[in-house]
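Please read the structure below before turning to the comments.
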Amino acid sequence: GDSVTQMEGPVTLSEEAFLTINCTYTATGYPSLFWYVQYPGEGLQLLLKATKADDKGSNKGFEATYRKETTSFHLEKGSVQVSDSAVYFCALSIPGRRALTFGSGTRLQVQP
Amino acid sequence: DAGVIQSPRHEVTEMGQEVTLRCKPISGHDYLFWYRQTMMRGLELLIYFNNNVPIDDSGMPEDRFSAKMPNASFSTLKIQPSEPRDSAVYFCASSLGGSVNQPQHFGDGTRLSIL
């Protein structure tokens, strides 16, 4: 079946450090890929998405590129801030099925 | 604009009791999703509706769980009888249209504790 695998956290970084959170997927067909972010006590918010191979999603300084050859969608940010501390979820959606399949989430802690 | 509204935010009850979680989707959205989040299993889809009709309920864990959407602005998830292993955060989400280009908007969740 369809699945998403994320690197385990927590990831602890100092402010202004470079961030990478790895995400790989297994899916039938050609999925769309997403990163969602969850701040403490809140629901998930869409961070960025990519709907076809080689697309790059970007938002708030975060980027991720849809790599079909490696079935990956790694999240990157050049300089993290304390306010980026949250849990990040990679997710996919396959054509014809509206629901999302989520990875297990990666907690990011950014220290001043 | 109001987002997805869930109630209650927190629920603590004893095992065996009936629990009802409520969700008001964003006005005009035609898809509604119920998810459950636990440490062990992460985020799991329970059921989703399109135009108030259940489309996929394969994630509903067992017959103790039921979900309804009587109209476009309201949905409930009911657990009867509740068990300690049902303790989790339950999220409702809504979206507009069937395209994956339309994001799902999540509520803040209901944290359920079954004693």
Exercise. Take A:Ser3, project a point 7 Å from its Cα along the Cβ direction, then tell me which residues of segment A:89-104 have their backbone nitrogen under 15 Å from it.
Key: A:92, A:101-104
Quiz item: Farthest toward the dipole's positive end in chain A, which of A:Phe89, A:Gly41, A:Ser3, given Cβ charges of +1 (Lys, Arg) and -1 (Asp, Glu) about the Cα centre?
Solution: A:Ser3
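Given charges of +1 on the Cβ of Lys and Arg and -1 on the Cβ of Asp and Glu, with all other atoms neutral, how large is the dipole of segment B:1-114 about its Cα centre, in debye to the nearest 20?
Roughly 180 debye, rounded to the nearest 20.
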Quiz item: Taking only the alpha carbons of segment B:39-108, what extent do you get along each of the three principal axes, in Å, biggest first?
Solution: 36, 27, 22
Quiz item: Across peptide B:36-49, what mean number of C-beta atoms from other chains lies inside 10 Å of a residue's C-beta?
Solution: 3
Exercise. Determine the sum of side-chain charges near A:Gly57: Lys and Arg each +1, Asp and Glu each -1, restricted to other residues whose C-beta is under 13 angstrom from that of A:Gly57.
Key: +2
Quiz item: Can you list the lysines whose alpha carbon sits under 20 Å from that of B:Lys24, skipping same-chain ones fewer than 8 residues off?
Solution: B:Lys68, B:Lys78
Practice problem: Mind telling me which of A:Gly57, A:Gly96, A:Gly78 comes out most flexible in a GNM of chain A, alpha-carbon contacts under 10 Å? | Solution: A:Gly96
Quiz item: Taking the Cα centre of chain B as the origin and placing charges on Cβ (Lys, Arg +1; Asp, Glu -1), which of B:Ala67, B:Gln6, B:Val53 is farthest toward the positive end of the dipole?
Solution: B:Gln6
Self-check item: Sequence ranges B:86-97, A:23-34, ranked by mean other-Cβ count within 10 angstrom, highest first
Solution: B:86-97, A:23-34
Practice problem: Within a 10 angstrom radius of each residue's Cβ in A:89-98, how many Cβ atoms of other chains show up on average? Whole number is fine. | Solution: 3
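For chain A, give the magnitude of the charge dipole about the Cα centre (Cβ charges: +1 Lys/Arg, -1 Asp/Glu; no others), in debye to the nearest 20. Can you show the working numbers first?
Details: 10 positive and 11 negative charges, 83 e Å.
About 400 debye.
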Quiz item: Across the residues of A:44-52, average count of Cβ atoms on other protein chains within 10 Å?
Solution: 3
Self-check item: segment B:53-100 - percent relative contact order, Cα under 8 Å, separation 6 or more
Solution: 24 percent
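Grab the other residues whose beta carbon is less than 12 angstrom from that of B:Arg64, score K and R as +1, D and E as -1, and report the net. Spell out each step's value before the answer.
On the way: positive: B:Lys78, B:Arg85; negative: B:Glu18, B:Glu62, B:Asp63, B:Glu83, B:Asp86.
Charge balance near B:Arg64 sits at -3.
Please list B:72-82, A:85-95 highest first by mean number of surrounding beta-carbon atoms within 10 Å per residue. Walk me through the intermediate numbers first.
Details: B:72-82: 17.5, A:85-95: 21.2.
Averaged packing, sorted descending, gives the order A:85-95, B:72-82.
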Quiz item: For A:Ala86, which sequence-distant residues (separation of 5 or more, or a different chain) have an amide H within less than 5 Å of its own amide H, given hydrogens modelled in the peptide plane?
Solution: A:Leu108
Quiz item: What does the charge count near A:Ser79 come to, summing +1 for each Lys or Arg and -1 for each Asp or Glu among other residues with Cβ under 12 Å from its Cβ?
Solution: -2
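Here, each number is a calculation from the coordinates, and none is a lab measurement. Just so we're clear, the structure is a prediction, and the values are computed from it rather than from any experiment. As a convention, Cβ positions derive from the backbone with ideal geometry for all residues, glycine included, and neighbour counts pool all protein chains shown.
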